[in-house]
Amino acid sequence: MPKVLISDKMDPKAAQIFRERGVEVDEITGKTPEEVIAIIGQYDGLAIRSSTKVTKAILAAATNLKVIGRAGIGVDNVDIPAASAQGVVVMNTPFGNSITTAEHAIALMFALARQLPEADASTQAGKWEKNRFMGVELTAKTLGLIGAGNIGGIVADRALGLRMKVVAYDPFLSPERAVELGVEKVELDELLARADFITLHTPLTDQTRNILSAENLAKTKKGVRIINCARGGLIDEAALKAGLDSGHIGGAALDVFVTEPAKDSPLFGTPNFVSTPHLGASTDEAQVNVAIQVAEQMSDYLMSGGITNALNVPSLSAEEAPRLKPYMALAEKLGSLVGQLTTGSIARISIHSEGAAAELNQKPMVSAVLAGFLRTQTDTVNMVNAPLLAKERGMEVREVRTEREGDYHTLLRVSVKTDAGERSVAGTLFGDAAPRLVELFGIKVEADLAGHMLYVVNEDAPGFIGRLGTLLGTGGVNIGTFHLGRRTAGGEAVLLLSIDEALTPELLAQVRALPGVVTAMGLAF
């Protein structure tokens, strides 16, 4: 009989479901990492929330572990690469708390509109300052939605029910999906200029970090009210405080902060500022939902091999897995690469397999491409739900097979069609095992895709590589590998550098300022 450890406090229904499904379960919570290491070896499954940190040390001791189930969305507390290397499936419950988080955003919007926290404190202090708290109606106001995925879509639905006008900025939102949601798709600058309220529902990535920067906050309508229940770091907190102090920003409500727990934020005490301690998923219903879902998913895997909402493996049979594993790694890296380098609305994504790749089961490879691609925009995606999320966003997905061999024995090409045209990347397997990039936007290049990388497009001219190397060296950045490709001599060249750590925004800005640089971007794999 499979045996599962529940190491964090979880709704009792989780243990009940495990037992009903024929899985033995122990509920042992509040243990130190050393105490978990001492007992984890006897378990086939580990069910966690956010307290247990599944490190390499714990995984090394988990000699029988087959699956880790995270009751919730975030898996920052799980070393997924180490789990994958050990053959442990990592699952989460990406949609169990979507409604709860969306409702919290709406609640904070009401709190800002009617100054509820200040009015409550004043009234309980016996002041009865009725004329001091002149709020605004939500009806007929414009809500600006940054991120129109699962949670953002729920917020839009609730806002429309309040008779608000909803405009949305999301590069992956198709016109068809916008119509379905009942929102108007706009660019970010237009949203900033028009919105009376702005709410954020996007993960924290290199593309979204400080999306509400000082510069963008200055573009907002005077008196705008801002809500963030997504991730800390999406808003420049110092610039937000300055906007509140000046009166340009009419109010702000944050459930998430750059540093958590947030016990000493400069925003605390600022007029028209409301804060909550990361309560987006904190309702009884959400806690029950995620507990039930993780128990069901883990039981299915342990008893029948069914895989749902796995973050590191798609649905596939045991016979296919060994042969497909390196192809799926290549597919996910190519999807991630094209996702990080592509801007604008995505109308279509095509996955073209040639040679040996065309003879394999395409579904896991397509799912891996979509997961890598969409993970640059949302943290609720995995190889199982990626096709559904792509469909919800109105993305057309094409699969093309060419069994004849071209320049390579096996090749996988990923192309995206955007407003700016079509661009593609291609990769192969060296020794049938090692993923390798061989083409980038029409330029031949040979590179590994791993860790932190710097992508530079520049004018092909003498001395550029030396200037770039000197700048990075002066900035204390160590270069691991260096890959160069170009279309023609003296034309446009592409550089891909593996580096030991991500560039700081300041150093990346200096790279972009080098003579001859067309574009520069940090990548992560």
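The values are calculated or read from the model by the stated rules, or taken from the named source; none is laboratory data. Note that the structure is a prediction, hence the values are computed from the model and not measured. For neighbour counting, all protein chains shown are included, and Cβ atoms are generated from backbone atoms with ideal geometry for every residue, glycine included. Only protein heavy atoms, including side chains, enter the accessible area calculation; ligands, DNA and RNA are left aside. Shrake-Rupley method; radii C 1.70, N 1.55, O 1.52, S 1.80 Å.
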(request) Please calculate the 1.4 Å probe accessible area of GLU27, with all protein chains present, and give it to the nearest 10 Å². (result) 100 Å²
(message) Take GLU403 and PHE525, extend 7 Å from each Cα along the Cα→Cβ direction, and tell me the distance between the two endpoints in nm.
(response) 3.0 nm
(request) Keeping the other protein chains in place, figure out the carbon and sulfur percent of the accessible area of the range 35-125, with a 1.4 Å probe. (result) 55 percent
(request) May I ask you to compute the full-extension gain from GLU260 to THR55, defined as 0.36 nm times their residue separation minus their alpha-carbon distance, rounded to one decimal in nm? (result) 71.8 nm
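Can you give the extra length, in nm with one decimal, that the chain gains between SER282 and THR63 once fully stretched, where that is 0.36 nm per residue apart less the Cα-Cα distance? Kindly include the intermediate steps, with their values, before the conclusion.
Values: separation 219, 0.36 × 219 = 78.84 nm, distance 3.36 nm.
Working it through step by step, the gained length comes to 75.5 nm.
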(message) How would the range 385-518 be classified by its alpha-carbon gyration tensor: rounded, prolate or oblate, with rounded meaning a/c under 1.5 and the a/b versus b/c comparison settling the rest?
(response) prolate
(message) Past 32 Å, Cα to Cα: identify those pairs from LYS53/LYS333; LYS325/LYS417; LYS9/LYS363, in the order given.
(response) LYS9/LYS363
(request) For the chain, just say rounded, prolate or oblate: build the C-alpha gyration tensor, square-root its eigenvalues into a ≥ b ≥ c, call rounded for a/c under 1.5, and beyond that prolate if a/b exceeds b/c, oblate if not. (result) oblate
(request) Place a +1 charge on the Cβ of each Lys and Arg in the chain and a -1 charge on the Cβ of each Asp and Glu, then give the dipole magnitude about the Cα centre in debye, rounded to the nearest 20. (result) 760 debye
(request) Can you bin the range 168-208 into rounded, prolate or oblate? Criterion: square roots of the alpha carbon gyration tensor eigenvalues sorted a ≥ b ≥ c, rounded for a/c under 1.5, prolate for a/b above b/c, oblate for the rest. (result) oblate
(message) So, for the chain, what is the accessible surface per residue at a probe of 1.4 Å, expressed in square angstrom?
(response) 44 Å²
(message) Counting C-alpha atoms alone, how compact is the range 31-103: give Rg to one decimal and Dmax as a whole number, in angstrom.
(response) 12.8, 41
(request) Taking the dipole about the Cα centre of the chain, with the C-beta of Lys and Arg at +1 and of Asp and Glu at -1, give me whichever of PHE18, GLY45, ALA262 is farthest to the positive side. (result) ALA262
(request) Roll a 1.4 angstrom probe over the protein heavy atoms and tell me the percent of accessible area of the range 201-343 that is carbon or sulfur. (result) 52 percent
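Could you work out how much longer the chain between ILE443 and ALA420 gets when fully extended? Use 0.36 nm per residue separation minus the Cα distance between them, nm to one decimal. Walk me through the numbers before you get to the answer.
Details: separation 23, 0.36 × 23 = 8.28 nm, distance 1.78 nm.
Full extension of this stretch gives 6.5 nm more.
Using unit Cβ charges (K, R positive; D, E negative) and no other charged atoms, how large, in debye to the nearest 20, is the dipole of the range 116-179 about its Cα centre?
Working: 8 positive and 7 negative charges, 40 e Å.
The calculation lands at about 200 debye.
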(request) Select from PRO462, GLN510, SER498 the residue farthest towards the positive end of the dipole of the range 448-525; place +1 on Cβ of Lys and Arg, -1 on Cβ of Asp and Glu, and compute about the Cα centre. (result) PRO462
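Send over the per residue convex hull volume for the range 205-279, Cα only, as a whole number of Å³. Intermediate values should be presented prior to the final figure.
Details: hull volume 6.0 nm³, N = 75.
Here the figure is 80 Å³ per residue.
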(message) Please list TYR169, TYR43 from largest to smallest accessible area, probe radius 1.4 Å, with all protein chains kept in place.
(response) TYR169, TYR43
(request) Round to the nearest 10 and report in Å² the accessible area of ARG194, as given by a 1.4 Å probe over the protein chains' heavy atoms. (result) 70 Å²
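Give a quick list of GluC sites (Glu not before Pro) in the range 365-436 that DSSP marks as loop, anything other than H, G, I, E or B, with at most 11 other Cβ atoms within 10 Å. Could the numbers behind the result be given before it?
Details: sites: GLU392, GLU396, GLU399, GLU403, GLU405, GLU422; in loops: GLU403, GLU405.
Passing sites in the range 365-436 are GLU403.
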(request) Hydropathy first: keep DSSP H helices in the chain averaging at least 0.5 on Kyte-Doolittle, then drop any whose Cα extent along the axis falls short of 20 Å, and list what survives. (result) 98-113
(request) For n ≥ 4 DSSP H runs only, could you compute -39500 (n - 2.57) per run for the chain, divide by its residues and tell me the 222 nm figure to the nearest 500? (result) -10000 deg cm²/dmol
(request) Could you point to the residue in ILE154, ALA195, ALA119 farthest towards the positive end of the range 109-232's charge dipole, with +1 and -1 charges on the Cβ of Lys/Arg and Asp/Glu respectively? (result) ALA119
(request) Note down the magnitude of the dipole of the range 1-73 about its Cα centre, charges +1 on Lys and Arg C-beta and -1 on Asp and Glu C-beta and zero elsewhere, to the nearest 20 debye. (result) 240 debye
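Could you work out the relative contact order of the chain, using alpha carbon pairs under 8 angstrom and six or more residues apart, expressed as a whole percent? Don't jump to the answer; show the numbers that get you there.
Working: 1106 pairs, mean separation 59.5, N = 525.
Dividing the mean separation by the residue count of the chain yields 11 percent.
Determine the relative contact order of the range 79-212: mean sequence separation of Cα pairs under 8 Å and six or more apart, normalised by residue count, in whole percent. Kindly include the intermediate steps, with their values, before the conclusion.
On the way: 158 pairs, mean separation 31.4, N = 134.
The value is 23 percent.
Please compute the Kirkwood hydrodynamic radius over the range 62-116, one decimal place, Å, based on all pairs of different Cα atoms. Display every interim value, and only then the final one.
Values: mean 1/r = 0.0732 Å⁻¹.
13.7 Å is the Kirkwood radius here.
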